[in-house]
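A short write-up of the structure that comes next.
The values are calculated or read from the model by the stated rules, or taken from the named source; none is laboratory data. Keep in mind the model is a prediction, meaning the values are calculated, not measured. Heads up, the Cβs are rebuilt from the backbone with ideal geometry, glycines too, and the neighbour counts pull from every protein chain shown.
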There are 2 protein chains.
Amino acid sequence: MAEGGLFHSCHGYNARMNATQTRPLPIGVFDSGVGGLTVLKALREALPAEDLMYLGDTARLPYGTKSPASISRYACQATRHLQQQGIKLLVVACNTASAVALDALREQMAPLPVIGVVEPGATAAVGTRPGASHLVLATEATVRLGAYRHAIAARDPGATVRELACEMLVSLAEEGWTTGDIATAVIRRYLGLLPEEARAPDSIILGCTHFPLLRDAIAEVVAPGTMIVDSASTTAQAASTMLDDLGLRSDKPAGGLRLFATDGASRFARVGGRFLGESLDASDITLVDL
Amino acid sequence: MAEGGLFHSCHGYNARMNATQTRPLPIGVFDSGVGGLTVLKALREALPAEDLMYLGDTARLPYGTKSPASISRYACQATRHLQQQGIKLLVVACNTASAVALDALREQMAPLPVIGVVEPGATAAVGTRPGASHLVLATEATVRLGAYRHAIAARDPGATVRELACEMLVSLAEEGWTTGDIATAVIRRYLGLLPEEARAPDSIILGCTHFPLLRDAIAEVVAPGTMIVDSASTTAQAASTMLDDLGLRSDKPAGGLRLFATDGASRFARVGGRFLGESLDASDITLVDL
């Protein structure tokens, strides 16, 4: 995208802005709840000079069990808040919304660039080798939509993909029971639902933003040598590349962080702190009514 | 309530109705999702001649992690649908909504009688003996609000009450993992969070409508002789008594059932079937947009 070619929608107006004006703006990160904070954490590590603005639509979580039409409507409503604040890139840090609503969000945000978590994960997974076998652990909605199946097939038609709905892993992550006997028993039970030959894939894709917290427990259970693809870090790398390609990297010494939620600031702080990897207080979160 | 003393709000009008007109109307049952189907199941067993109308606000579940203000607003919006269909009694088959929104719902529904799940459970628990010790297993919101603590203290000021948030039990029930090693390990882990002296109470109250599905697993873990109070069956008994007291018991040979949800009919059918104890098809559920 050339300088001066960016339109930035702010407070309901479309204003033509050039890269110099756009560069200092924050990256907007959106999720249905706190899970996307694993993506936010990876973005902070990959892009420490960027301002980040996170919105968790906690009033309407979880998106994973809702219908595609509702998910799309909610995602568009919620991200409009970030759009109105002024951002230079939207990261959809929610697998369900990435699977269902990415086209709708790109249309709403255009010409603002929008990155989801599914595509970077699929790209990283097919990087193992052509014709590899992939196992996607995700929520029910992501599985039902075949989001990773489609994204991987588009990149490597010879690949084998299995998708497995693992809703209990969401609860384990939120409860903070991410290691130990219960976590490994739950993971073993899910993997036990697969036919024998599917239990040692080349890659396991963590297709829900909650699952990076269970990475160690998953690694303990799966065959050694299985590549574990973490959509948080792959998405942060994609965002970094995107900013470089568009000439939009911040030149500040250090970036700040603003957190918004649509409900339940104290729960957001308590559970979200585990996901972000630093302690949060309810006063760190601004509640917004969409 | 005397004959002719019931006001029934229908299609936005308050119409004076007598017991003869009111008696054939269904009982309305409301929950944030499918959990309340355990209460519906108990109601069908206790009151086989009654028509039942169930609404699960699946578009906005779970209520358990949301703020009191949102829970109250959602509960009032959702139950208005049942009110407009015409019902003779509202059963709030959701512990969180019973804890937070019962007063608001009674005001909205007046003079229609409204029964929650907290009060019947508290009444049954204090029936063990005066000054007994009670352990409430519930969602975070129910615990935070101290719903059972207050209801038990009002009935027996000498009772001891501990409340324990057990969100993972919700996932276990929805996933159908209600027996076996993982279920008992999760229950043991929650009970292990209590001080030693609190692990053998006189009663354990299942303070979430999902938990009756885990009754056997809970019974396996707790000390023999502990009374397990199931809010589904105690609420059904309270509804039965209420209909008798008001002279509103149906005189039909058999009651029917209508199911409404605000989202995701196929998931409602699949998960809800386990809760209701009979197989459901997505076509059995009517979607409503609130």
Any chance the range B:239-252 includes a residue that's assigned by TED's automatic domain parsing to the domain that holds residue B:164, surrounded by fewer than 19 Cβ atoms within 10 Å (Cβ to Cβ) and either closer than 26 Å to residue B:147 by Cα or under 17 Å from the mean Cα position of the chain (by Cα) (or both)? no
Qualifying residues in the range B:110-152 (those that are more than 16 Å from residue B:92 (Cβ to Cβ) and among the β-branched types (Val, Ile, Thr)) - the one nearest to the other protein chains (Cβ to nearest Cβ): B:143
Identity of the residue in the range B:170-190, more than 9 Å from every other protein chain (Cβ to nearest Cβ) and among the aliphatic types (A, V, I, L, M), that ends up farthest from residue B:207 (Cα to Cα): B:183
Kindly establish whether residue B:198 is in contact (Cβ under 8 Å) with a residue 24 or more places away in the chain, surrounded by fewer than 18 Cβ atoms within 10 Å (Cβ to Cβ) and of a type in the set (A, V, I, L, M). yes
Take the residues of the range A:114-144 that are closer than 24 Å to residue A:65 by Cβ and part of a loop (DSSP other than H, G, I, E, B): which is modelled with the highest pLDDT? A:117
Please note which strands (runs of 3 or more DSSP E) are completely contained in the range A:11-93 and include at least 3 residues that are closer than 20 Å to residue A:260 by Cβ and away from chain B (no Cβ under 14 Å). A:27-31, A:52-56, A:89-92
Go through A:97, A:59 for me and flag whichever is at pLDDT 90 or above and under 30 Å from residue B:69 (Cα atoms). A:97
Residues being crowded, with 24+ Cβ neighbours inside 10 Å and in contact with a helix residue (DSSP H, G or I) (Cβ under 7 Å, 6 or more places away or on another chain) - total across the range B:21-41: 11
Can you pull out the residues in the range B:94-111 that are surrounded by 24 or more Cβ atoms within 10 Å (Cβ to Cβ) and either in a loop (DSSP other than H, G, I, E, B) or at positive phi (or both)? B:94
Of those in the range B:242-268 that are acidic (Asp, Glu) and assigned to a helix (DSSP H, G or I), the residue nearest to residue B:281 (Cα to Cα) is B:244
Of the conditions (1) under 15 Å from residue A:46 (Cα atoms); (2) charged (D, E, K, R); (3) touching a residue at least 12 places away in the same chain (Cβ under 8 Å); (4) not in a loop (DSSP other than H, G, I, E, B), residue A:274 clears all except one; give me its number. (1)
Which residue pairs have Cβ atoms closer than 6 Å, lie 6 or more positions apart in sequence or on different chains, and pair a first residue in the range A:133-147 that is of a type in the set (Asp, Glu) with a second residue that is surrounded by fewer than 24 Cβ atoms within 10 Å (Cβ to Cβ)? A:140/A:165
Looking at the range A:223-230, can you tell me whether even one residue there is surrounded by fewer than 16 Cβ atoms within 10 Å (Cβ to Cβ), free of Cβ contacts under 8 Å to residues at least 60 places away in the same chain and under 22 Å from the mean Cα position of the chain (by Cα)? no
So which of B:289, B:281 ends up being modelled with pLDDT of 95 or more, surrounded by fewer than 21 Cβ atoms within 10 Å (Cβ to Cβ) and either charged (D, E, K, R) or farther than 29 Å from residue B:198 by Cα (or both)? B:281
